[in-house]
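One structure below.
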Amino acid sequence: MPKLKGVIFSLRDVVVRSGKMDAAIFEEFKRLVLWLVANDLQPVFVGNNSWTITSADGTKTPFQEFVTANIGEFDWFMADSCPMPYKPQKASTEYVLNELGWEKHEAVYVGNTETDMRTARNGGLLFLNALWHGEANDYGFKFDSPKDIARFIDCFYIGIHSWFWALEDEDLQVYSLAPFSTMSARYQDAHGFSHHARNTAKSGGGDPVFWGRLLASSVYSSGLAEDISFVTSYPGHSTTSAEPSVNTALTIFADCMQAKFIPDLLVRHTTAQKSQNARIAGKAVGVKNQIDTIHLNPAPLKTKKGDRYKSPPLKKGKTVLIVDDFCTQGNSFEAARAYIAATGAKVLCLSWLKTINTDYNELKPMVTVKNPYGPNTVADEPTKVTHWFSSHVVNPAATSDLSAVFEKYYHWDWP
């Protein structure tokens, strides 16, 4: 994954707020900025209007000079005094990124106001909502303190370097953050986060915020997010399965990327045989088990208020990101790909973890789904091509990386 290069800070209600300065908050913000510099990340400040700060004796000082004297010298982009277009225009962040030589996924935007939210969204930047001066909008990933943002960047950007497992073959794209293993001695470093992930996904415990933010930041930093039109979670095996625990985080992420999170894009119309139970019983469970029990929703949810699409949203030129907790043989992803392919849309597949030593079986040729918006049945287990597990481990160090992040995240403190 490309490396994060810097952080774009809005001024209002992030660095300071109008009125009397909160010295304690400013000192912690200063600590964040200096921490970024120490980690080779570039802080940048943006605003529509240049500010001044008034001291107790009435002396007025340009705010940029105040920050330079108290924190350090950085790049500033103020629309009233440089060619940067005014926020929240898309062109404002495009100008900043072009001047710095950054791609969108190499920066994140820290703001608070409605204008900040629109600026980040229009520019396709991940929005970190700074709440330490109060909450102005409900958008983005929320952070109570500058320290929380440092933890987020340290764990999910500095600590994570690339996918553990990646399969890219023509129109097949599958990615996993790390291995799933609770017993293998070879993958001992994976035991802790694997148990935690399973507890989060299957038992309602764990920490969906951790996994949701990890997934979102990984997709964003990889650059894949720029092609995504829709995001959805793969449904559980039962018609009554609970909503996947990371849906809230995926909703926030999709909003940041000007994509749509559709929680019910895929419908489980019939309870599928649970793969784990079948394997324990010595029975083979293939992709037919999934194809026969799902279909696309012709009128999925469009808004958080409950409005629905009047016509199916998937079509040629659109890309869907499908998120599932664990990828074993790829049966869930392949079933989803079969249905979505029938609409002309493309698919990106993302799992939290990839089951170790288990090969991925791609449908080839792709199963023809006559009506993707209703139940379909295939007569026999379809023909598949095997992609070896070991051939697609692109970063073996991802196991120890995530293990270290998992331990650090819950005990993080300033160095």
Is at least one residue of region 310-321 modelled with pLDDT of 95 or more and closer than 30 Å to Tyr187 by Cα?
yes
Could you say which residue among Asp255, Asp227 is touching a Phe, Trp or Tyr at 6+ places or on another chain (Cβ under 9 Å) and farther than 24 Å from Ser400 by Cα?
Asp255
Checked region 178-223 for anything within 12 Å of the chain's Cα centre (by Cα) and surrounded by fewer than 20 Cβ atoms within 10 Å (Cβ to Cβ); matches are Val209, Ser222, Gly223
Among (1) crowded, with 18+ Cβ neighbours inside 10 Å; (2) out of contact with any Lys or Arg (no Cβ under 7 Å at 6 or more places or on another chain); (3) assigned to a helix (DSSP H, G or I), Leu167 falls short only on (3)
Selection over region 123-147 where residues are over 17 Å from the mean Cα position of the chain (by Cα) and of a type outside the set (Ser, Thr, Tyr) yields a count of 12
Looking at this structure, is Ile8 touching a residue at least 24 places away in the same chain (Cβ under 8 Å) and in a helix (DSSP H, G or I)?
no
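Results for (1) closer than 24 Å to Tyr339 by Cα; (2) of a type in the set (Ser, Thr, Tyr); (3) modelled with pLDDT of 95 or more, shown as yes or no for each residue.
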position	(1), (2), (3)
Lys142	no, no, yes
Asp154	no, no, yes
Ser181	no, yes, yes
Arg186	no, no, yes
Ser194	no, yes, yes
Gly204	no, no, no
Ser218	no, yes, yes
His237	yes, no, no
Verdict on Thr93 being under 26 Å from Lys3 (Cβ atoms), touching a residue at least 12 places away in the same chain (Cβ under 8 Å) and of a type in the set (Ser, Thr, Tyr):
yes
Residue identified as more than 14 Å from Val33 (Cα to Cα), within 26 Å of the chain's Cα centre (by Cα) and not hydroxyl-bearing (Ser, Thr, Tyr) among Glu114, Glu65
Glu114
Whichever residue in region 339-355 is among the polar types (S, T, N, Q) and more than 22 Å from Thr377 (Cα to Cα) and, among such residues, is surrounded by the most Cβ atoms within 10 Å (Cβ to Cβ):
Ser351
Over region 64-89, the set of residues surrounded by fewer than 16 Cβ atoms within 10 Å (Cβ to Cβ) and either in contact with a Leu (Cβ under 7 Å, 6 or more places away or on another chain) or in contact (Cβ under 8 Å) with a residue 24 or more places away in the chain (or both) is Asn70, Gly72, Asp75, Asp80, Ser81, Tyr86
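The values are calculated or read from the model by the stated rules, or taken from the named source; none is laboratory data. Just so it is clear, the structure is predicted and the values come from calculations on it, not from any experiment. All Cβ positions, even for glycine, are placed from backbone atoms using ideal geometry, and neighbour counts span all protein chains on display.
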